[in-house]
Amino acid sequence: MSAEIRTETRFIADRMLGTLTRYLRFMGYDTTSANRLAEGNTKEDTVLLDIAVQEHRILLTRDAELARRGKERAVSLRSEDVMEQVQQLIDAGLIERRLTMSRCSLCNTALREAFTCEIQNADYAPKNWRDHTFFWCDHCRKLYWNGSHGKQLEERLENELKR
Ligand SMILES: [Zn+2]
């Protein structure tokens, strides 16, 4: 493992931040979510803080009180708008503006290059294979390719963030 990967910021996001969670995964950041926890735990805030410490993650939350409890381990997201949230994390020096298509947006698993049989068996794959690079999530058994799910995000990162 390279030093760069070891020091890269990892996140855990609260339930309010589903869209930001998907965006961060598309940007290649290891981002787990409160959605992985069973619902209805009245001590969920404490669980999230514990996970942040144990797994060396930054807690992202819309709850200013929770962020205060997390101290330097937490960031209070000011805006409801996902691009403003991304911008806040860039401005804080926590992430870079990039798109890597290296993690599954659904489950956070690192993607690998897809085998031909996996592309063939996915009826939702585009027919013009040579124009694309395909990636595969072993957990969800889901095919990704550049320009599919990432396209809109790519344009938003290009057009809506400060230089
Ligand atoms: Zn997945």
* Asked: Of the residues Thr7, Thr42, which is without any contact (Cβ under 8 Å) to a residue 60 or more places away in the chain, under 19 Å from Arg98 (Cα atoms) and open to solvent by 70 Å² or more (accessible area, probe 1.4 Å)?
  -> Thr7
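Per-residue answers, yes or no, for (1) at pLDDT 95 or above; (2) open to solvent by 50 Å² or more (accessible area, probe 1.4 Å); (3) not in a loop (DSSP other than H, G, I, E, B):
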position	(1), (2), (3)
Thr46	yes, yes, yes
Ile51	yes, no, yes
Val75	yes, no, yes
Arg78	yes, yes, no
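So, in region 80-95, of the ones that are outside any helix (DSSP H, G or I) and free of Cβ contacts under 8 Å to residues at least 12 places away in the same chain, which residue ends up surrounded by the most Cβ atoms within 10 Å (Cβ to Cβ)?
Of everything passing the filter in region 80-95, Asp81 is surrounded by the most Cβ atoms within 10 Å (Cβ to Cβ).
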* Some residue of region 65-79 being touching a Cys at 6+ places or on another chain (Cβ under 7 Å), in contact (Cβ under 8 Å) with a residue 60 or more places away in the chain and either within 22 Å of Leu37 (Cβ to Cβ) or away from the ligand (no atom under 16 Å from the Cβ) (or both) -> no
* Looking only at residues in region 126-135 that are at pLDDT 85 or above and closer than 19 Å to Thr100 by Cα, which one is nearest to the ligand (Cβ to nearest atom)? -> Phe135
* Scan region 136-150 and give yes if some residue there is open to solvent by less than 70 Å² (accessible area, probe 1.4 Å), away from the ligand (no atom under 13 Å from the Cβ), part of a helix (DSSP H, G or I) and in contact (Cβ under 8 Å) with a residue 12 or more places away in the chain, otherwise no. => yes
* Does Glu118 satisfy the condition of being among the acidic types (Asp, Glu), within 17 Å of Arg156 (Cα to Cα) and in contact (Cβ under 8 Å) with a residue 12 or more places away in the chain? -> no
* Structure fact -> The lone condition Ile119 fails out of (1) in a helix (DSSP H, G or I); (2) crowded, with 16+ Cβ neighbours inside 10 Å; (3) at positive phi is (3)
* Residues in region 96-110: is at least one over 29 Å from Ala74 (Cβ atoms), open to solvent by 30 Å² or more (accessible area, probe 1.4 Å), touching a strand residue (DSSP E or B) at 6+ places or on another chain (Cβ under 9 Å) and not in a loop (DSSP other than H, G, I, E, B)? -> no
* Asked: Hey, Ala64 hits all of (1) surrounded by fewer than 17 Cβ atoms within 10 Å (Cβ to Cβ); (2) closer than 24 Å to Lys151 by Cα; (3) touching a Ser or Thr at 6+ places or on another chain (Cβ under 6 Å); (4) among the aliphatic types (A, V, I, L, M) but one; which does it fall short on?
  -> (2)
* Residue check, Arg156 in contact (Cβ under 8 Å) with a residue 60 or more places away in the chain, open to solvent by 20 Å² or more (accessible area, probe 1.4 Å), closer than 18 Å to Leu24 by Cα and in a helix (DSSP H, G or I) -> yes
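The values are calculated or read from the model by the stated rules, or taken from the named source; none is laboratory data. None of these values were measured; they are calculated from a predicted model. Reconstructed Cβ throughout: ideal geometry from the backbone, glycine too, with neighbour counts over all protein chains shown. Surface areas here come from the heavy atoms of the whole protein model, side chains and all, with no ligands, DNA or RNA. Shrake-Rupley method; radii C 1.70, N 1.55, O 1.52, S 1.80 Å.
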